[in-house]
Amino acid sequence: MKITDIQVFVTSPGRNFVTVKVTTESGVYGLGDATVNGRELAVVTYLEEHVVPCLVGRDAHNIEDIWQYLYKGVYWRRGPITMAAIAAIDMALWDIKGKVAGLPVYQLLGGKCREAITLYAHANGENIEDTLDKTEELIQQGFKAIRLQSAIPGLSETYGVLGDKKDYFELQGNRPLPPEQEWSTAKYFKLVPELFEQARQRFGDKAQFLHDVHSRLTPIESAKLGKMLEEYQLLFLEDASIAENQDNYKLIRHHTTTPLALGETYNTIWDCKDLIQNQLIDYIRVAATHAGGITGVKKISDFADIYNVRTAPHGAPDLSPICFAAHMHLNISTHNFGIQEFVGFGNEESKTIFKHDMKLENGMIYVSDAPGLGVEFDEQAATQYPYKRSYLPVSRLEDGTLWHW
Ligand code: CS2
Ligand code: MG
């Protein structure tokens, strides 16, 4: 079944998304997500200039060969831009194969290992009390796991906290230049243990708690935080230190039994191979859009299973519903699935573009049984929201030193 056309759409219903549509000679088409937050047009160019010309005329059914062709067939392998381009093509080809077979993609990946997908939701607040009030609301909605992030007293803006914005789309979608945020590890350490002390006092074991450090601590600081939080039995501490240096996690692991999660910035197995085989982490968080699609994530998940590492796919607002749907098909069919990050199905504008029938019930998601990935993309609606450059923030210490955001 030959590929006859590949289109790349950029739309910005509050924040930018890059969507790939692969069309075949039979008219069947598939969709993929190619969104790299803050670098969207780099992926568009990579796809249109360097991928599309090579794929038109190839057999859409040959998913693995096309993946290898796009990965091994280039000299400059890996990296977020290359792997997002590969990912989008890969997701679209799985979408096509499911539509042709008349089956949801998870049936092509081995069928169900569970009936529904357990989620963790985000509670973030201007202070500890506000964060815990939001936590209470999420527990009442049935969420069994909640990520707690609170503003840090004395710092103007904190990662993961909305401030005066109504949602993540508004927070992330309109940054014509990288905003500069201040960071203080000392102020952070004053807050986080107290946040979880009060959370456990207020909620007991009514929910599992998580926290995203967002790579801001040195390894020994991460080890100290992990030890301080052990009594609160977190489900996991995410991005405890920067992901580039996998050796960091030997030191952290040596000092604390708090479970560790990492991987949302990883693109291939090579980024996380040592972490997994040395069991330095407990959850691998690669996202389909950033790690080579369904094919790429499946390779990493199966490797992780050998070493008791579970998956906890990244589910940030900068991954489109197409990526989220791909995760649902992966999560329901992956034996060592752990938990899925969930920040909602998007804002009202994005719901006019990306349509699906994934169901949220009691903190769980029930996957679509529609053939393929189960997401429709309204090209007409997408044209209503043209691309708008927007950057992720940068972070500086109080003395002005550039730091990890
Ligand atoms: C965060 C992300 O969801 C998370 O765990 O780390 O929101 C991250 O900040 C964004 O994906 C960056 O684009
Ligand atoms: Mg994160």
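The values are calculated or read from the model by the stated rules, or taken from the named source; none is laboratory data. A quick note: this is a predicted structure, and the numbers were derived from the prediction, not measured. Glycine gets a Cβ as well: all are built from the backbone with ideal geometry, and neighbour counts include every protein chain shown. For the accessible areas, the whole protein counts, side chains as well, though only heavy atoms, and no ligand, DNA or RNA atoms are used. Shrake-Rupley method; radii C 1.70, N 1.55, O 1.52, S 1.80 Å.
Among the residues of segment 298-318, write down those that are within 16 Å of ligand 2 (Cβ to nearest atom), under 20 Å from Ile89 (Cα atoms) and touching a helix residue (DSSP H, G or I) at 6+ places or on another chain (Cβ under 8 Å). Scanning segment 298-318 gives Pro313, Gly315, Asp318. Taken over segment 285-316, residues that are over 16 Å from His329 (Cα atoms) and either in contact with a His (Cβ under 8 Å, 6 or more places away or on another chain) or outside the structural domain of Asn331 (by TED's automatic domain parsing) (or both) amount to 2.
Can you spot a residue in segment 244-261 that is in a loop (DSSP other than H, G, I, E, B), at positive phi and at pLDDT 95 or above? Looking for residues that are in a loop (DSSP other than H, G, I, E, B), at positive phi and at pLDDT 95 or above, one finds none in segment 244-261, hence no.
For segment 137-194, how many residues meet the condition of being more than 21 Å from Gly346 (Cβ to Cβ), in contact (Cβ under 8 Å) with a residue 12 or more places away in the chain and either outside the structural domain of Ala223 (by TED's automatic domain parsing) or of a type outside the set (A, V, I, L, M, F, W, C) (or both)? Here the count works out to 20. Across segment 337-374, which residue is surrounded by the most Cβ atoms within 10 Å (Cβ to Cβ) among those that are in contact with a Gly (Cβ under 8 Å, 6 or more places away or on another chain) and among the β-branched types (Val, Ile, Thr)? Taking the candidates together, the pick is Val367. Among the residues of segment 240-293, those that are closer than 24 Å to Ile81 by Cβ, polar (S, T, N, Q) and away from ligand 1 (no atom under 16 Å from the Cβ) comprise Asn245, Gln246, Thr268. The criterion of being more than 16 Å from ligand 2 (Cβ to nearest atom), assigned to a loop (DSSP other than H, G, I, E, B), farther than 28 Å from Pro104 by Cα and open to solvent by 60 Å² or more (accessible area, probe 1.4 Å) holds for Asp399. Scanning segment 227-246 for residues that are closer than 22 Å to Arg310 by Cβ and away from ligand 2 (no atom under 16 Å from the Cβ), which turns out least open to solvent (accessible area, probe 1.4 Å)? The residue in question is Leu229. Could you tell me whether segment 211-221 includes any residue that is within 16 Å of ligand 2 (Cβ to nearest atom) and either more than 23 Å from the chain's Cα centre (by Cα) or among the hydrophobic types (A, V, I, L, M, F, W, C) (or both)? The answer is yes; a qualifying residue exists.
The set of residues from segment 145-172 being charged (D, E, K, R) and closer than 11 Å to Ala123 by Cβ comprises just one member, Arg147.
Across segment 349-368, a minimum of one residue is classified as assigned to a helix (DSSP H, G or I), at pLDDT 95 or above and among the charged types (D, E, K, R). Applying the criterion of at least 1 residues that are buried (at least 23 other Cβ atoms within 10 Å of the Cβ) to the helices (runs of 4 or more DSSP H) found wholly in segment 30-116 leaves 40-45, 63-71, 80-101, 105-108. Which one is nearest to ligand 2 (Cβ to nearest atom), of the residues in segment 272-283 that are more than 16 Å from the chain's Cα centre (by Cα) and in a helix (DSSP H, G or I)? This residue is Leu275.
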